[in-house]
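Chemist: Take this structure first; my questions come after.
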Amino acid sequence: MKRIVTATVNNQPGVLNRITGLFTRRDYNIESITVGVTENPQISRMTFVVNVEDDAKAEQLTKQLNKQIDVIKVQDITDQPIIERELALIKVVSNPQTRNELAGIIDPFRASIVDVSRDSLVIQVTGDSQKIEALIELVRPYGIKEIARTGTTAFARGSKKSNGHTAFSI
């Protein structure tokens, strides 16, 4: 079962290595991982998409992560209302005759063409994993030369109190 787990951690060298080492030792497979600095430059946010057999194993994973040095907070947000995004760049075989056709295919996905060469073009798309997979399947018949994906990043919807102000996700 796919789980989305977030962790806020101290922004220090070696933190990512220690945490991924825990995943390796416990035999968890990381499907995707994203890491980036938060609104506080001293803290990073990690988002893991992990295949876990059952709820007990998922709970064990969050407990183990919470025990790690430099981990501030861990949340399994799988069952919460979340905002989830991924970025993909897809290089597709293209010629002048197929460019308009491809543009028509990618338009409903709110994707864009970010590079064009004589024999290919590069599509940029953001959204949830299912949206990206759907676009990949539609352009696959044209010939995919290369794909680069960032992996999922996510957080829970709702409000967060910060400096006396309330921010809402839309």
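Chemist: Counting pairs of alpha carbon atoms under 8 Å apart in space and at least six apart in sequence, what relative contact order in percent does the chain give?
Modeler: Over the chain, the number comes to 25 percent.
Chemist: For each of VAL93, VAL9, count neighbouring Cβ atoms within 10 Å of the residue's Cβ, then give the residues from fewest to most.
Modeler: In order of increasing Cβ crowding within 10 Å: VAL93, VAL9.
Chemist: Also, quick follow-up: May I have the convex hull volume per residue, in Å³, for the Cα set of segment 2-80?
Modeler: Given the Cα convex hull of segment 2-80, per-residue volume reads 82 Å³.
Chemist: Further question on the same structure: Taking neighbour Cβ counts within 10 Å as the exposure measure, how do TYR28, TYR142 sort from fewest upward? Don't skip to the answer; put the middle values down first.
Modeler: Details: TYR28 22, TYR142 17.
Listed from fewest to most nearby Cβ atoms, that is TYR142, TYR28.
Chemist: Can I ask one more? Return the label of the correct value of percent of Cα pairs over 25 Å apart, as calculated from the structure shown, out of (1) 36; (2) 45; (3) 27.
Modeler: Recomputing percent of Cα pairs over 25 Å apart here picks out (2).
Chemist: Using label points projected 7 Å from each Cα along Cα→Cβ, tell me how many nm separate ASN100 and ARG140, to one decimal.
Modeler: Label at ASN100, label at ARG140, 2.8 nm between them.
Chemist: What aspartates and glutamates does LYS57 reach when the alpha-carbon gap must be under 18 Å and sequence neighbours fewer than 8 apart in one chain are set aside?
Modeler: Once the sequence-local aspartates and glutamates are set aside, what remains near LYS57 is ASP27, GLU31, ASP76, ASP79.
Chemist: Just rank SER94, SER44, SER112, SER120, fewest to most, by other beta-carbon atoms within 10 angstrom.
Modeler: So the residues, fewest neighbours to most, are SER112, SER120, SER44, SER94.
Chemist: What share of Cα pairs, in percent, lie more than 19 angstrom apart in segment 83-149?
Modeler: That fraction is 21 percent.
Chemist: Compute the acute angle (0 to 90°) between the alpha-carbon long axis of helix 15-25 and the principal axis of greatest extent of the alpha-carbon atoms of the chain; round to the nearest 10°.
Modeler: Relative to the chain, helix 15-25 is tipped by roughly 90 degrees.
No value in this document is a laboratory result; all are computed from the given coordinates. On a predicted model such as this, the values are computed, not experimentally measured, just so you know. Virtual Cβ from ideal backbone geometry, glycine too; neighbours counted across all protein chains shown.
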